[in-house]
Amino acid sequence: MAYNERLILISGTAHPELSKAISRSLDLPLANAHVGRFPDGEIDIKIHDDIRGGDVFVIQPTCPPVNENWCELLLLIDTLRRASAGRITTVMPYYGYARKDRKDEGRVPISAKVVANSLVTAGANRVLALDMHAAQIQGFFDIPVDHLYAKPVLLDAARRIDLGNPVVISPDVGGIKMARSWAKSLGADLAIVDKRRISGAEIAVEHVIGEVEGRNVIIIDDMISTGGSITEAARIVRDHGAQKIVIAVSHAVFCGPALERLAACPADRVLITDSIPRREKLPERIEIVSIAPLLARAILNIHRSESVSSLFD
Ligand code: R5P
């Protein structure tokens with residue numbers, strides 16, 4: 001793929017604050033572009049800078065409103081391709097539809113695959129994503145995917161809280177790999193909550209596998225959506241005698257009753273990243289840690305053809 005040494009950053013409208021933070025970390029201004037709406041709501045894009053031959057990184061988490069942000073990303077990629085960008089990397093700090101990654105019942109779509117197909121069809125040459133819910137989504141692409149983890153930044157924040165020798169909790173069996181990796185980094189024990197999903201917004205938890213009585217715990221998950229999983233996990237570990245409870249998640253989607261559920265749950269501290277913009281005022285015990293420096297570093301390494309996995313060593 002022929003691209004020149006010019007590194008170009010361009011932002012969609014999903015999360016301008018994060019794009020600006022990445023731009024500051026790289027000391028590189030965002031490309032001058034208009035991304036707006038026509039009066040009928042259709043997306044209106046015009047890139048004012050010359051990007052011909054450049055190594056372009058387009059920053060757009062496909063967070064809510066997911067379909068708007070996804071469509072805008074596709075049109076941005078198409079614009080860049082038609083403007084002769086040398087290489088187009090989509091930077092997706094949050095990959096919408098990632099949870100719909102398999103056909104687990106009849107007559108349902110595999111939406112995460114449709115998202116992958118659409119990005120490639122529009123003209124993406126690479127993807128840079130963060131905690132994609134299931135690492136195997138990388139296999140939906142036949143182009144390179146760099147998959148980052150928010151763990152290093154969340155771990156730093158967790159280490160600043162006095163938790164002694166905590167137990168790392170996975171709120172469901174799907175999260176065991178992530179929780180085990182945290183437990184390894186902290187030299188901590190591991191416990192698992194036995195979760196059953198009843199509907200999109202409702203879950204049931206009945207058991208904790210592992211010992212939490214009298215221990216400080218840190219509950220790890222890739223996302224809080226409606227907040228059911230994480231707050232039920234907090235409730236059951238407290239019922240089983242856990243002391244201090246810290247929650248650490250990569251993506252704060254916070255839809256429906258999430259904030260009320262968090263307000264009512266027994267967690268002492270909730271660590272989230274800025275992969276998704278927050279418009280509402282958050283309670284003090286919710287702390288946002290920024291993934292902008294991590295994304296900036298990954299962008300630079302990709303541009304220089306240097307290792308990205310070295311960021312996690
Ligand atoms: C599930 O597999 C995910 O890792 C999260 O636990 C889940 O999507 C969170 O959703 P909610 O906050 O609605 O329970």
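The values are calculated or read from the model by the stated rules, or taken from the named source; none is laboratory data. Everything quoted here is computed from the prediction, not taken from an experiment. So basically every Cβ, Gly included, is an ideal-geometry build from the backbone, and we count neighbours across all protein chains shown. Note: areas computed on protein heavy atoms with side chains; ligands, DNA, RNA excluded. Shrake-Rupley method; radii C 1.70, N 1.55, O 1.52, S 1.80 Å.
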Set the bar at 28 Å for Cα to Cα. Now go through 177/281; 103/177; 177/244; 103/244; 151/244; 46/151 and name every pair that lies beyond it. 177/281; 103/244; 46/151
What nm value, rounded to one decimal, do you get for the distance between residue 135 and residue 162 when each label is placed 7 Å out toward the C-beta? 3.6
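Relative to the Cα centre, what is the charge dipole magnitude of region 152-289, using +1 at the beta carbon of each Lys and Arg, -1 at the beta carbon of each Asp and Glu, and rounding to the nearest 20 debye?
On the way: 18 positive and 19 negative charges, 44 e Å.
The calculated dipole for region 152-289 is roughly 220 debye.
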Roughly how many percent of the accessible protein surface of the chain is carbon and sulfur, given a 1.4 Å probe and a whole-percent answer? 50
Work out the FRET efficiency for residue 82 and residue 24 from their Cβ-Cβ distance, taking R0 = 41 Å, and round it to the nearest 0.05. 0.90
So how much slack lies between residue 213 and residue 255, counting 0.36 nm per residue of separation and subtracting their Cα-Cα distance, in nm? 12.0 nm
Compute the FRET efficiency between residue 34 and residue 304 as 1/(1 + (r/R0)^6), taking r as their Cβ-Cβ distance and R0 = 41 Å, and round to the nearest 0.05. 0.85
Magnitude of the Cβ-charge dipole of the chain, K/R +1 and D/E -1, about the Cα centre, nearest 20 debye? 220
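Estimate the FRET efficiency between residue 103 and residue 201 by the formula 1/(1 + (r/R0)^6), using the beta-carbon distance for r and 22 Å for R0, to the nearest 0.05.
0.50
Considering only protein heavy atoms, what per residue accessible area in square angstrom results for region 152-289 with a 1.4 angstrom probe?
On the way: 6110 Å² over 138 residues.
I get 44 Å² per residue for this part.
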To the nearest 10 square angstrom, how much accessible area does residue 223 have with a 1.4 angstrom probe? 20
With labels modelled as points extended 7 Å from the Cα through the Cβ direction, what inter-label distance (nm, one decimal) is found for residue 194 paired with residue 49? 5.5
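Count the net charge of all other residues whose Cβ sits under 14 Å from the Cβ of residue 291, scoring Lys and Arg as +1 and Asp and Glu as -1. Present the calculation step by step, with values, prior to reporting the outcome.
Working: positive: 20, 24, 151, 278, 297; negative: 17, 131, 146, 156, 222, 274, 287.
Cβ neighbours under 14 Å give a net charge of -2.
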Once you put a point 7 Å from the Cα of residue 239 and another 7 Å from the Cα of residue 280, both along the Cβ direction, what distance in nm separates them? 2.5
